[in-house]
Amino acid sequence: MAVGIERRAVSASVEYRASPTTTFGGGAGAGLGGTITPGAERYKILPGWMVTGTYSRRLVDGTGKKPFVLFGLAFGASGAGTREEVRGAATPATAGLYAIDIRGAITAGKTFWNTLSPYLSARLFGGPVFWRYHDKVVVGGDTHHYQLALGMAASLPRGFDLFVDVSPLGERAIALGGGKSF
């Protein structure tokens, strides 16, 4: 059965630069809710939690005419309750929704004027989703196990940076963020 899931989340992360080419990171955040639609039914995804861990390595530094090339691995897990949307009925029971995700990525781009870095990224991922649906635990996964993205990072004064990442193919997503280097 095909199930549509739409969720929104906010998160914060930190990275540690272990060397000029290698970083490790971690993060935590909150799911803000969403919807899950198995067939004609509709369930509300309640606010929940999420955690992440990351590793990245710069394979090519991008000096001269060469692009920069990055390899990355990420792990994520999230959980939330779900509740069927039934009009005029008593509040239905809450059922758990949990997801685990492991992904790898290759990203290539070029930095201009030491400030703007447009990039392309190809990502492969997988992991199970567990949901209690009609009193049974259902195990599912993504219909697409890939994501093709394009993005832009901007380095600003005083160690601040901003980014936008748009994934129109495969798993669709838009990510916006900012950071501060210390």
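List of remarks:
- The range 97-182: relative contact order as a whole-number percent, Cα under 8 Å and 6+ apart: 23
- Added length on full extension, which subtracts the Cα-Cα distance from 0.36 nm per residue, Thr94 to Ser181: 27.2 nm
- Within the chain, the longest run free of trypsin sites (Lys or Arg not before Pro) that sit in a DSSP loop with at most 10 other Cβ atoms within 10 Å is 88-182.
- Largest-first principal axis extents of the Cα set of the range 92-182 (Å): 57, 25, 20
- 5 angstrom amide H check on Glu85, placed H, neighbours 5+ away: Arg42, Tyr43, Lys44
- Length added when fully stretched, Arg83-Ala40, from 0.36 nm per residue minus Cα-Cα: 14.0 nm
- Cβ-Cβ FRET estimate between Thr22 and Arg158, R0 fixed at 22 Å, reported to 0.05: 0.35
- For a straight C-alpha distance cut-off of 26 angstrom, the lysines reachable from Lys44 (same-chain residues fewer than eight places away being disregarded) are Lys136.
- 3J(HN,Hα) from dihedral phi, the range 21-35, Karplus parametrisation 6.51/-1.76/1.60, rounded to Hz, x for glycine, proline: 10, 10, 10, 10, x, x, x, 8, x, 10, x, 9, x, x, 9
- Listing Val10, Val164, Val129 from fewest to most neighbouring C-beta atoms within 10 Å gives Val10, Val164, Val129.
- Nearby aspartates and glutamates by direct alpha-carbon distance to Lys110 (threshold 17 angstrom, same-chain neighbours under 8 apart not counted): Asp61, Asp161, Asp165
- By the beta-carbon count within 10 Å of each Cβ, the least crowded to most crowded order of Phe71, Phe112, fewest first, is Phe112, Phe71.
- For the range 1-140, the alpha-carbon coordinates run over 65, 26, 25 Å along the three principal axes, in decreasing order.
The numbers here are math on the coordinates, done by the rules we state, and not lab data. Everything numeric in this text was worked out from a predicted model, so none of it was measured. Using ideal geometry, Cβ is built from the backbone for each residue, glycine included, and neighbour counts are taken over all protein chains shown.
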